[in-house]
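Working notes, beginning with the structure itself.
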């Protein structure tokens with residue numbers, strides 16, 4: 001139902017369901033992570049009137065497992081970007097993972113999603129320095145443009161068996177467009193102004 005993404009890494013869909021309404025992702029090498037994206041896969045929506053509270057936990061052997069509320073995802077807002085680089089271990093509040101036996105690996109942080117009533121989510125306050133980062137309109141436009149190009153060109157995709165020889169037509173493998181799309185998006189994340197040089 002959920003996915004997790006860190007820039008420069010593969011998408012994580014290996015969520016562990018630890019209760020009917022609680023899910024956990026392990027986040028290795030968290031010291032080098034600035035932002036994390038948590039999103040719904042689109043395979044099944046939240047039940048009516050429900051959403052997901054997104055929590056973060058550092059491995060802290062001195063204090064124990066402390067969870068911090070980052071924010072929320074819902075059917076209407078199925079993804080969110082959270083800044084985790086400024087959070088401090090051991091600083092947290094009340095959370096739904098408290099009495100659960102969440103399997104924790106000492107060298108990994110964790111992202112937790114707790115399915116809760118929307119009314120309850122509206123009353124909770126995320127930690128202040130985990131504010132959802134905003135993407136400027138130019139970056140948004142560029143991402144939408146890239147997606148549009150890829151979707152448009154993919155709509156003309158044919159297998160080699162479906163192709164009829166046409167000496168005046170040039171064909172480009174769909175994989176090369178996907179590779180260009182991924183490279184361009186990676187470069188945008190690293191430096192939104194790279195195209196100016």
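Key figures for this structure:
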{"item": "C-alpha center-to-center spacing [the stretch 31-85, the stretch 155-170] in angstrom", "result": "44"}
{"item": "Equivalent ellipsoid semi-axes, the stretch 137-196, via Cα gyration tensor eigenvalues times 5, rooted, Å", "result": "29, 11, 9"}
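Every read-out reported here was derived from the displayed coordinates using simple, explicitly stated rules and does not represent laboratory data. Owing to the predicted nature of the structure, the values given are computational and were not obtained by experimental measurement.
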